[in-house]
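The values are calculated or read from the model by the stated rules, or taken from the named source; none is laboratory data. Quick caveat: nothing in here was measured; it's all calculated off a predicted structure. Every residue, glycine among them, receives a Cβ derived from its backbone with ideal geometry; neighbour counts consider all protein chains shown.
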């Protein structure tokens, strides 16, 4: 019996057959026990052992094994006195060995053969896992995409690279790469018309929660009048922001917009 193929087949089977979580846990426990025994046809297991391996109480184990038998996944025979029940797992693939007694010579041979098979499978799985981990580590080293790296390196105020990347990828999924790069280009072109020393959006804020990038879906006209801090006022009042805030685009957003003359007549409405 191939352990991995049986598990995969079991979960394929579960897609069209419903059994309880307890029954699933018991099936795995019985598979584990039979694997250690060398995949024999019949094997005896104490109820206390099944309780320990599944974490279920006695009554739950009894209900679960009845459920598995009704579903056709196992067969079991109760025995009198203190003897443990005898179980047979119904495989999804054919069983090569039909040993009934645990100390049978053929059983020992089959047990050794199956253990060698299990060892080979484990070695192959370990190599696959190591290869996957290697790829994951390589991905972590190069976690930023080339498109983002180019965008970030050209941004006038790069900051908080990890957050910038997260927001960049979020907006990329929402709108597509072409759209967000066009918004970025429109902002940078507009920003280059402003007086030297005017602060740009931080890279992590441009595609952030306030969605500043949406204000630059279309190209803007420039002009020195646009960046005159004395003309920038709050939407909810006529008192200008303090000088330090009026010159900081990080304070300009949809929840607290600046108002002034329209674009060609002197507005910055970031």
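Looking only at segment 1-17, filter to residues that are in a loop (DSSP other than H, G, I, E, B) and touching a residue at least 60 places away in the same chain (Cβ under 8 Å); which one of those is surrounded by the fewest Cβ atoms within 10 Å (Cβ to Cβ)? Out of the qualifying residues, it is 2. Total residues in segment 161-192 satisfying the condition of being modelled with pLDDT of 90 or more and not in a helix (DSSP H, G or I): the figure is 1.
Looking at residue 54, is it more than 13 Å from residue 23 (Cα to Cα), surrounded by 15 or more Cβ atoms within 10 Å (Cβ to Cβ) and assigned by TED's automatic domain parsing to the domain that holds residue 39? Spelling it out, it is not the case that residue 54 is more than 13 Å from residue 23 (Cα to Cα), surrounded by 15 or more Cβ atoms within 10 Å (Cβ to Cβ) and assigned by TED's automatic domain parsing to the domain that holds residue 39.
When 214, 232 are screened for being on the phi < 0 side of the Ramachandran plot, touching a helix residue (DSSP H, G or I) at 6+ places or on another chain (Cβ under 8 Å) and at pLDDT 85 or above, only 214 passes.
Residues are listed down the side, and each one gets a yes or a no for (1) surrounded by 14 or more Cβ atoms within 10 Å (Cβ to Cβ); (2) under 17 Å from residue 92 (Cα atoms); (3) in contact with a strand residue (DSSP E or B) (Cβ under 8 Å, 6 or more places away or on another chain):
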| position | (1), (2), (3) |
| --- | --- |
| 19 | yes, yes, no |
| 40 | yes, yes, no |
| 46 | no, no, no |
| 65 | yes, no, yes |
| 80 | no, no, no |
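Of all residues in segment 173-194, those that are assigned by TED's automatic domain parsing to the domain that holds residue 150 and closer than 10 Å to residue 213 by Cβ have Cβ atoms under 7 Å from Cβ atoms of residues that are modelled with pLDDT under 90 and outside any helix (DSSP H, G or I), 6 or more apart or on another chain, in 183/217; 186/218; 186/219; 186/220. When restricted to residues that are at positive phi and in contact (Cβ under 8 Å) with a residue 12 or more places away in the chain, segment 60-88 contains 1.
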